[in-house]
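Structure first, then comments.
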Amino acid sequence: MARLFLHPGKERSLLRRHPWIFAGSVERLEGRARAGDTVDVLSADGRVLGRAAWSPVSQIRARMWCFDADTTIDHAFFKRRVAAAVAARQSHPLLTGQDGLRLIHGESDGLPGVIADRYGDVVVVQLTSAGADKWRDAIVAALVQATGCSTVYERSDSDVRGLEGLEPKTGCVHGALPETLQIVEHGVRMEVDVAGGHKTGFYLDQRDNRLLTGRLARGRRVLNCFCYTGGFSLQALAGGAESVLSIDSSGPALATAARNLALNPQLDAARADWWEEDVFEALRALRAEGRSFDLIVLDPPKFAPSAAHAERAARAYKDINLFGFRLLAPGGILMTYSCSGGIGLELFQKIVAGAASDAGVDARILHRLSAAPDHPIGLSVPEGEYLKGLAIQIA
Ligand code: SAH
């Protein structure tokens, strides 16, 4: 096995169990390693710190599999880690019974670069690092064994694979895809398109926030911006909203939303309106028409994939939140989110506070929101906390 030596002092983050080794921390590699190969990691004074996957073209030059000198990185290792991640979901009382569930959340589950989501009998896996890509067979076999699922579909088409020198890869790696796939989320039936949908097909991270939206929606006029396939909209209807206007620029997403509404005959479709439009323009048009709402959901796409985009993203967040506040009736609630890794909670809250003050409203936070507990955040890996939200009520 090749040996990776760190520059003096660069072991500090590893001693805190942070799993990334940046290119600038690597003093030298002794021996030969190809992309994804396991290497021993040593401090400058020769102490073994653990084992990592080597990734020669990435700025994250290696990702730790373990923080000791004894663990062997083999099929059995992946079997143990995958089984532990699946068991943690199975034993969480708020997650049992869910048929759409994140089973593996990358670094936070000790499996850097591995995402696995379960939709009924289908597991969708996304491998985004050289090490994860190298161990595909072991990870897939372990998932099949731990879940008993009949199908594993790979959706390794995220842009970040390019940073690791990996080509996109999609398709069935075990079994076959059923023609259509549905899950039930808090009583609402939703179609999941694992081959063509966003990410692995569905935004599982918002599950519990959708339920909260439903709880707050009774008797309210709801506006759901960036609605995708209608997750928040349908929960609002289920919760007894008076009306729900949903906006998204994607025709296919809205077509799926319409099918989802039809899958739930218990919901009153007459209360739902769908606009295929740019949200930035639609918000201005609604304001010009003098419309107002009692509950507004803003769940935009990632405006800032990294800190480098933060400034432009901040303007976009400010803009939609400003219009959100202006469209709220007195006592109305804004549920606003950012899934940008480059915008932390503190900055996000500042942006939203700025929007409230520009809109001239008195506002207070009712709930701080984050991803559901099947998307845990490793305490040593705060970068894992990408989704943050605020439920804010105005006077
Ligand atoms: N809230 C959704 C997920 C939103 S994902 C859920 O709970 O499932 C972001 C959505 O924003 C995508 O559906 C995308 O089509 C849409 N989108 C991106 N930019 C947009 C824009 N400028 N105007 C309207 N919709 C946009």
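Against the longest principal axis of the chain, how steep is helix 136-147, in degrees 0 to 90 to the nearest 10, with axes from Cα atoms?
Approximately 60 degrees, to the nearest ten.
By per-residue mean of other Cβ atoms within 10 Å, what is the highest-first order of 367-375, 157-165?
367-375, 157-165
Express in whole angstrom the spacing between the alpha-carbon centres of the range 98-127 and the range 255-328.
Comparing the Cα centres of the range 98-127 and the range 255-328, I get a distance of 28 Å.
Which of A87, L347, S249 sits closest to the plus end of the dipole of the chain, meaning its Cα is farthest towards the positive end, when Lys and Arg get +1 and Asp and Glu get -1 on the C-beta?
L347
How big is the charge dipole of the range 189-250 about its Cα centre, in debye rounded to the nearest 20, if each Lys and Arg gets +1 on its Cβ and each Asp and Glu gets -1 on its Cβ?
280 debye
Please name which of A217, G31, L177 has its Cα lying farthest along the dipole of the chain towards the positive end, using unit charges on Cβ (Lys, Arg +1; Asp, Glu -1) and the Cα centre as origin.
Projecting each Cα onto the dipole axis, the largest value belongs to G31.
Just report the Cα centroid separation between the range 1-17 and the range 187-241, whole Å.
44 Å
Accessible area per residue, 1.4 Å probe, Å², for the range 14-109: what's the number?
48 Å²
What is the calculated FRET efficiency for D137 to S357, with r their C-beta to C-beta distance and R₀ = 56 Å, to the nearest 0.05?
Calculated transfer efficiency: 0.55.
Per the helix-only calculation at 222 nm, which mean residue ellipticity applies to the chain, given -39500 (n - 2.57) for every DSSP H run of n ≥ 4 and division by its residues, nearest 500 deg cm²/dmol?
After summing the helix terms and dividing by the residues of the chain, the value is -8500 deg cm²/dmol.
Does anyone have the angle between helix 207-216 and the longest principal axis of the chain? Alpha-carbon axes, 0 to 90°, nearest 10?
Computed tilt is about 20 degrees.
D for the chain, whole µm²/s, Stokes-Einstein with Kirkwood Rh over alpha-carbon pairs at 10 °C and 1.306 mPa s: what number?
Value of D from the Cα-based Kirkwood radius: 71 µm²/s.
Per the 1.4 Å probe, what fraction of the accessible area of the range 290-395, in percent, lies on carbon and sulfur atoms?
Looking at the range 290-395 in its full context, I get 53 percent from C and S.
Return one whole number: the accessible area per residue of the range 252-395 in Å², for a 1.4 Å probe.
Values: 6740 Å² over 144 residues.
For the range 252-395, the solvent-accessible area averages 47 Å² per residue.
Would you mind working out the magnitude of the charge dipole of the range 112-178 relative to its Cα centre, with +1 at each Lys and Arg C-beta and -1 at each Asp and Glu C-beta, to the nearest 20 Debye?
On the way: 6 positive and 9 negative charges, 23 e Å.
Dipole magnitude for the range 112-178 comes out near 120 debye.
Using a 1.4 Å probe over the heavy atoms of the protein chains, calculate the carbon and sulfur portion of the accessible area of the range 236-285 as a whole percent. It would help to have the intermediate numbers written out before the result.
Numbers: 1180 of 2320 Å².
So the carbon and sulfur contribution to the accessible surface is 51 percent.
Residue separation times 0.36 nm, minus the C-alpha to C-alpha distance between R218 and E277: what's the value?
Answer, rounded to one decimal: 18.6 nm.
Which one, T200, F226, A307, projects farthest toward the positive side of the charge dipole computed for the chain from Cβ point charges (K/R +1, D/E -1)?
My answer, from the dipole projection, is A307.
Cα axis of helix 75-90 to longest principal axis of the chain: angle in degrees, 0 to 90, nearest 10?
Its long axis makes an angle of about 30 degrees.
Taking only the alpha carbons of the range 3-66, what extent do you get along each of the three principal axes, in Å, biggest first?
Projected onto the principal axes, the Cα atoms of the range 3-66 cover 25, 21, 20 Å.
Starting from the range 23-75, pick out the trypsin sites (Lys or Arg not before Pro) whose DSSP state is loop and whose Cβ has at most 11 other Cβ atoms within 10 Å.
R32, R34
Sorted by packing (mean other beta-carbon atoms within 10 Å per residue), highest first, where do 138-151, 275-288 land?
138-151, 275-288
Among S43, S91, S55, whose mean-square fluctuation peaks in a Gaussian network model of the chain (Cα, cutoff 10 Å)?
S91
Go ahead and run the numbers for FRET between R80 and E179, Cβ-Cβ distance against an R0 of 30 Å, rounding to 0.05.
Calculated value: 0.30.
Quick one: putting +1 on the C-beta of Lys and Arg, -1 on the C-beta of Asp and Glu, what dipole do you get for the chain around its Cα centre, in Debye to the nearest 20?
740 debye
At 7 Å along Cα-to-Cβ for each site, give me the label-to-label distance between D193 and E346 in nm.
4.1 nm
What is the gain in length, in nm to one decimal, between T71 and V160 on full extension, counting 0.36 nm per residue of separation less the C-alpha to C-alpha distance?
29.2 nm
Could you work out what % of the accessible surface of the range 75-174 is carbon and sulfur, using a 1.4 angstrom probe and leaving DNA, RNA and ligands out of the count? Don't jump to the answer; show the numbers that get you there.
Details: 2020 of 3830 Å².
Carbon and sulfur: 53 percent of the exposed surface of the range 75-174.
Under the 0.36 nm per residue contour assumption, what length would be gained going from the current alpha-carbon distance of S306 and D268 to full extension?
9.6 nm
Using packing as a proxy for protection, rank 227-234, 20-27, 182-189 so that the peptide with the highest average count of other Cβ atoms within 10 Å comes first.
Descending packing order for the listed peptides: 227-234, 182-189, 20-27.
The values are calculated or read from the model by the stated rules, or taken from the named source; none is laboratory data. A quick note: this is a predicted structure, and the numbers were derived from the prediction, not measured. Neighbour counts are summed over all protein chains in view; Cβ atoms, including those assigned to glycine, are modelled from backbone coordinates with ideal geometry. Protein only, heavy atoms only, side chains kept; ligands, DNA and RNA dropped before computing areas. Shrake-Rupley method; radii C 1.70, N 1.55, O 1.52, S 1.80 Å.
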